[in-house]
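Just so it is clear, none of the values below were taken in a lab; they were calculated from the coordinates. This structure is a prediction, so every number in the text was calculated from the model and none was measured. Neighbour counts run over all protein chains shown; Cβ positions are idealised from the backbone, glycine included.
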Amino acid sequence: MLTVSALELRTRLRDGTAIVIAILVPVTLATLFGLALGGDDPPLRATIGVVDLDGGEFPASVRREVTADKELKGSVTLRDLPGEAEARRALDADEIGAAVVFPAGFSRGVGEGEGGDVTVLTSPRSPLAGVVASAVVDRISAVVDARTLAVRAALLAGVPGDRVKELVERNGAAGPALTLTGDPLAGGKVDLAVYYGSGMAALFAFFVVGASFRSLLTERRLGTLDRMRAGPLASWVPVAGKALVGFALAMVGVCATWLSGTLIFGSSWGDPLAVLAVLTAHVLAAAAITMLVTVRVRTDAQADGVIMVVSFVMAFLGGSLVPLHNLPGVLQSVALLTPNGWTATALAELAAPGTGVTAVAGPIAALLAIALVTGGLAVAGLRKGMLL
């Protein structure tokens, strides 16, 4: 297998296709797109549902502060919902981008020093709404913790129960007042240089791995594949050897595009370990899909055409050429059928500060599932004699 891989790599490097397709073209296009269209680009509007089962001062304070915040005016709209079930249905239907649920008795529990939990519901299809809702809940948690600690400290100090509330509020731990510090939208912004850089990396990963699988058809047409099979080789060796080279070159390509974007624009794609995991899963999915295409066509020319069509369709629908939040709602759902869509979703999640691998475990799992299903179909095609 290593001998086959070495031969494939020498061939790709000798004719220049590896360097051009894997590095030069995606890096150049990503740079041009970044220079022309780079900059922060948050989704312009988001709707956050508010489920107030409490009816107390805390939910009312949250509403006042969110509607009065200068950074949120014109971008965030609050929508009242009767219950958590209705909020989940509205979230699934893309009627809202996130929801904050205040449980019954929340304000009373905070006032008595018992604390309380607020639930936030988010959707990967509306990162801005999720960032704002999470910022609000984080601030609520800080205020609730301060109020709870103050009440408990007063009670332990022997303050009569009927005077605790007055004492706590007089000393600055009233609780209901809520201030959103900083720019709540900062975590929801995604630099378009990152969008298009990752988009070009995702697009050309298909071409890079596709070139290796396409060469199997060329080998079959020239008769060299039959000669390899006539030797003491297992039937999977030619496929595995070329797949190894395609995967390695595609990883070099996506990492080179990632590095160039970071160096040229100073933009971060997110936690490095998480980004690497997402890109690796994407390349695996791209390799499986292009292998499936290869076993379904008969000539290398057909493979070139079909791989090109599949790559560009997935790039458009998956947010590699047009940011996902600019697509109509229907196409945003269709995007999740493509590896590009899950990759774009994952990198949008990583734009929020403090996110890591756990935040993108879902998209990574989806990419690996795509790779497993399409790779299994491709292997089944190979075993039926398409190439072997």
Completion exercise
Note: probe point = Cα of Val20 + 7 Å toward Cβ; backbone nitrogen < 20 Å; residues of the stretch 205-231 passing the test are 205-219
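Using the 10 angstrom Cβ neighbour count as an exposure proxy, how do Trp258, Trp269, Trp236 rank, fewest first? Before the final figure, lay out each step's value.
Numbers: Trp258 21, Trp269 25, Trp236 14.
Result, fewest neighbours first: Trp236, Trp258, Trp269.
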Handout entry: Label-point separation in nm, Ala369 to Met308, each point 7 Å along Cα→Cβ
Key = 3.3 nm
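Using the count of nearby Cβ atoms within 10 Å as a rough guide to exposure, how do Leu78, Leu327 rank from fewest to most?
Details: Leu78 15, Leu327 19.
Going from least to most buried by this count: Leu78, Leu327.
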Practice task
Report the calculated FRET efficiency for Glu57 and Val357 (r = Cβ-Cβ distance, R0 = 22 Å), to the nearest 0.05.
Solution key: 0.05
Exercise for the section: Please report how far the C-alpha centroid of the stretch 1-31 lies from that of the stretch 204-258, rounded to the nearest whole angstrom. Expected result: 11 Å
Fill in the blank from the handout: Assertion target for Ile96, Ile264, ordered by fewest C-beta neighbours within 10 angstrom first, is Ile264, Ile96
Exercise for the section: For Asp117 paired with Thr28, estimate the spin-label separation in nm (one decimal), with each label point 7 Å from Cα along the Cα-to-Cβ line. Expected result: 5.6 nm
Problem - Label-to-label distance, nm, for residues given as Ala301 and Leu377 (7 Å Cα→Cβ offset) - result: 2.6 nm
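Between Ser268 and Arg227, 0.36 nm times their residue separation minus their Cα-Cα distance comes to what?
This chain segment gains 9.9 nm when fully extended.
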